[in-house]
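Read through the structure below, which is laid out as structure tokens, and then see the notes.
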Amino acid sequence: MDLTALIKEGILIPLESEVHNPTSLSINSQTVERGALFIAIPGSQHDGTAFIDEALRRGAVGIVAPLGVGEKIASHFKEQYPAVSFFGTPDVRKAASLLASIFYPLQPDNIVAVTGTSGKTLVVSFIRQIWHHLGFPAASLGTLGLIVEGRPLPPPTGTEGINTPNPVRLHQILQNLKEQQINHLAFEASSHGLHQHRLDSVRLKAAIFTNFSSEHLDYHHTLDAYFEAKVRLFQEIMIHESFAILNTDIAEYEQLLALCQKRRLKTITFGKAGEMIRLISDIPKDGCQDVFLSIEGKSYNFTLPFVGQFQVYNVMAALGAVIACGGGVTRAIDACVNLKGVPGRLEQAAPGIYVDYSHKPDALSLALKTLRHHTKGKLCVVFGCGGNRDASKRPMMGEVAAKLADKVIITDDNPRFENPADIRKQILAKCPGASEIPSRHEAIAKAIEERQPGDVILIAGKGHETYQLVGDQVLPFNDVEEVQKCVRI
């Protein structure tokens, strides 16, 4: 790996005269091999500079650290490790992305990034499924891990459940896919990943902005900062002439459109006012809906095997990506009637009982409004909120539940290291009529036990998760399995 170009550009600043060309790259000291370049990234939970000693003992021949810190590190270790190259960098996260793209240069030809607050997991899954129907070997990457259809390609260790992997892991995946002749990839671009420059060196054919609402304020602190992180995808990462796929029916549309036009990005718009993909109507039916779209002026209608208008928007976004990458519209529409959902996204665990990942106010509101159309009796919701996460949404979610459900049971989600009773109390502050049942198992069982004909139950917050985090314990727990146990009883 030749570091000369990055040194000339001032990305890497040698702190010693000797420069070694490394044979591997790592940001995790435990995976450092002899001959590796170790990038020490300070983080919110772990500071990579604290593990430089371990990386050197494992055989690292180069260390990259933030300027200032890097100079102190070089001074401290150069006598003990005189043959090691030490580098400073003005932006260690950006340097990590650039280094990863140089060390793993191959990427699929058609890469689509999906950002937004909700819908990312579903959209990348739908894109992958449509591509597969069109005959393109395709993959998706995100919350559910790396999924490849048509080829037995297991995910690299550490990618399962990671929304946007670190840049080294991400570029390893890109190179691996390209080497396997998989030229189509859709992946989730999280606000954390965008803010931390994990995607900066990915060559995108298209990017989607689904929607926007309050989330991750424990990390970004303000709604403006959260939005700015999302917008980096279009403002800094995408190249000219690539496609921006935008939802016309969100408040941020005009701002996003102006930004994309300024950067000379091609645009595909979808929604009720979409120019390329326009929603004419969707008619709810039992467990599905009839959808009527206008795409490039031509009319299409099909039956979508999901409930909820939000699923229509997810499908429109996916169709925009497929069109951007050269897929035919008619065959893409044919694929939509056979799309499969993803676990825990308004998943029907038993007749009239749904499990959904909705763990923020807008998502909970959307799930309840969707199920109201399919409720002949009463609508019941069972949910809690995660610990050590944005606490401001807890009373907001309580208020949503009180307004939109007929019956509310507040229970534990993943309390982590917070007092579960405190979390429930914050939710109940805006949902005073709710029942409080700490045990999630008992809460689900109670809701099912009291269900009457025509009632619908929503169990929200954990979705596809198969565990419950309590302190430092990871306890087996699956909402769908709990429902099915209770129904069998």
Considering each residue of region 84-112, count those that are over 20 Å from residue 69 (Cα atoms) and in contact with a Lys or Arg (Cβ under 7 Å, 6 or more places away or on another chain), and give that number. 6
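Conditions tested, residue by residue: (1) closer than 30 Å to residue 42 by Cβ; (2) touching a helix residue (DSSP H, G or I) at 6+ places or on another chain (Cβ under 8 Å).
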residue	(1), (2)
184	no, yes
191	yes, yes
197	yes, yes
204	yes, yes
232	yes, yes
240	no, no
248	no, no
256	no, yes
264	no, no
I'm trying to understand the selection: among the residues of region 8-23, which are closer than 20 Å to residue 197 by Cα and in contact (Cβ under 8 Å) with a residue 60 or more places away in the chain? 10, 11, 12, 13
Only one residue in 56, 12 is at negative phi and touching a Leu at 6+ places or on another chain (Cβ under 6 Å), so which one is that? 12
Conditions: (1) over 30 Å from residue 397 (Cα atoms); (2) more than 18 Å from the chain's Cα centre (by Cα); (3) of a type outside the set (Asp, Glu); (4) outside any helix (DSSP H, G or I). Residue 250 meets all but one. Number of the miss? (1)
Apart from one, (1) of a type in the set (S, T, N, Q); (2) in contact with a strand residue (DSSP E or B) (Cβ under 8 Å, 6 or more places away or on another chain); (3) assigned by TED's automatic domain parsing to the domain that holds residue 144 all hold for residue 358; the odd one out is (3)
I need every pair where a residue in region 42-68 that is of a type in the set (D, E, K, R) has its Cβ under 9 Å from the Cβ of a residue that is modelled with pLDDT under 90 and assigned to a strand (DSSP E or B), sequence separation at least 6 or different chains. none
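So that you can scan it fast, the table gives a plain yes or no per residue for (1) of a type outside the set (A, V, I, L, M, F, W, C); (2) in contact (Cβ under 8 Å) with a residue 60 or more places away in the chain; (3) in the same structural domain as residue 236 (by TED's automatic domain parsing); (4) surrounded by fewer than 24 Cβ atoms within 10 Å (Cβ to Cβ):
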residue	(1), (2), (3), (4)
171	yes, yes, yes, no
181	yes, no, yes, yes
189	no, yes, yes, no
193	yes, no, yes, no
203	yes, yes, yes, yes
213	yes, yes, yes, yes
Please go through (1) within 22 Å of the chain's Cα centre (by Cα); (2) free of Cβ contacts under 8 Å to residues at least 12 places away in the same chain for residue 230 and return the number of the only condition it doesn't satisfy. (2)
Considering only region 380-395, state which residues are of a type outside the set (D, E, K, R) and surrounded by fewer than 20 Cβ atoms within 10 Å (Cβ to Cβ). 388, 391, 392, 395
Could you grab me the full set of residues in region 463-487 that are among the small types (Gly, Ala, Ser) and surrounded by 14 or more Cβ atoms within 10 Å (Cβ to Cβ)? 463
Condition met for residue 125 (part of a helix (DSSP H, G or I), of a type in the set (Gly, Ala, Ser) and in the same structural domain as residue 191 (by TED's automatic domain parsing)): yes
For residue 49, all conditions in the list (1) closer than 20 Å to residue 204 by Cβ; (2) assigned to a helix (DSSP H, G or I) hold save one; what is the number of the exception? (1)
Number of the exception - residue 460 against (1) crowded, with 23+ Cβ neighbours inside 10 Å; (2) at positive phi: (2)
Selected residue (criterion: surrounded by the fewest Cβ atoms within 10 Å (Cβ to Cβ)) from residues of region 258-317 that are in a strand (DSSP E or B) and basic (Lys, Arg): 298
Write out, first by first residue and then by second, each pair whose Cβ atoms fall under 9 Å of each other, whose residues are 6+ apart or on separate chains, and whose first residue, in region 387-416, is more than 27 Å from residue 475 (Cβ to Cβ) while the second is acidic (Asp, Glu) and modelled with pLDDT of 95 or more. 406/455
Are there helices (runs of 4 or more DSSP H) fully within region 389-489 with at least 3 residues that are within 16 Å of residue 354 (Cα to Cα) and in contact with a helix residue (DSSP H, G or I) (Cβ under 8 Å, 6 or more places away or on another chain)? List them. 440-449, 479-488
Mind checking whether some residue in region 53-70 is exposed (fewer than 15 other Cβ atoms within 10 Å of the Cβ), of a type outside the set (S, T, N, Q) and within 30 Å of the chain's Cα centre (by Cα)? no
I'm checking my understanding of the structure. Among residues of region 75-106 that are over 37 Å from the mean Cα position of the chain (by Cα) and part of a loop (DSSP other than H, G, I, E, B), which one is surrounded by the fewest Cβ atoms within 10 Å (Cβ to Cβ)? 79
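The values are calculated or read from the model by the stated rules, or taken from the named source; none is laboratory data. Remember, predicted model here, so these are calculated numbers, not experimental data. Virtual Cβ from ideal backbone geometry, glycine too; neighbours counted across all protein chains shown.
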